Amino acid sequence: MSINRQCTNWALREAICPPPPNSRLILLALADRCGPDGRSAWPTVETLSLEAHCSESSVRRALKALEQCGTIRRGDQRLAQWDENRQ
């Protein structure tokens with residue numbers, strides 16, 4: 001099973017997802033973009049908004065709720081500018 005599939009399965013079936021209701025959908029979009037280690041998902045709020053069919057403010061609320069309950073953790077946002085080859 002691929003890493004992204006494992007991450008997606010975890011997000012769909014096991015992860016704690018608090019309100020708002022779209023939190024799980026946002027988490028699935030993050031899981032779909034995780035790196036080989038199951039981390040490092042850095043889509044923009046705009047991208048998450050388009051994929052989840054909700055407003056950017058809804059995405060921000062969901063991300064905040066997911067972070068507060070410990071399901072996700074904010075990383076070093078400066079790393080988002082690099083690809084997997086550090087370029």
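Just so it is clear, none of the values below were taken in a lab; they were calculated from the coordinates. Just so we're clear, the structure is a prediction, and the values are computed from it rather than from any experiment.
Just subtract the alpha-carbon distance of residue 57 and residue 32 from 0.36 nm times their residue separation and send over the number in nm, one decimal.
6.9 nm
Give me Rg over Rh for the range 6-63, both radii from the alpha carbons and Rh done the Kirkwood way, two decimal places.
0.94
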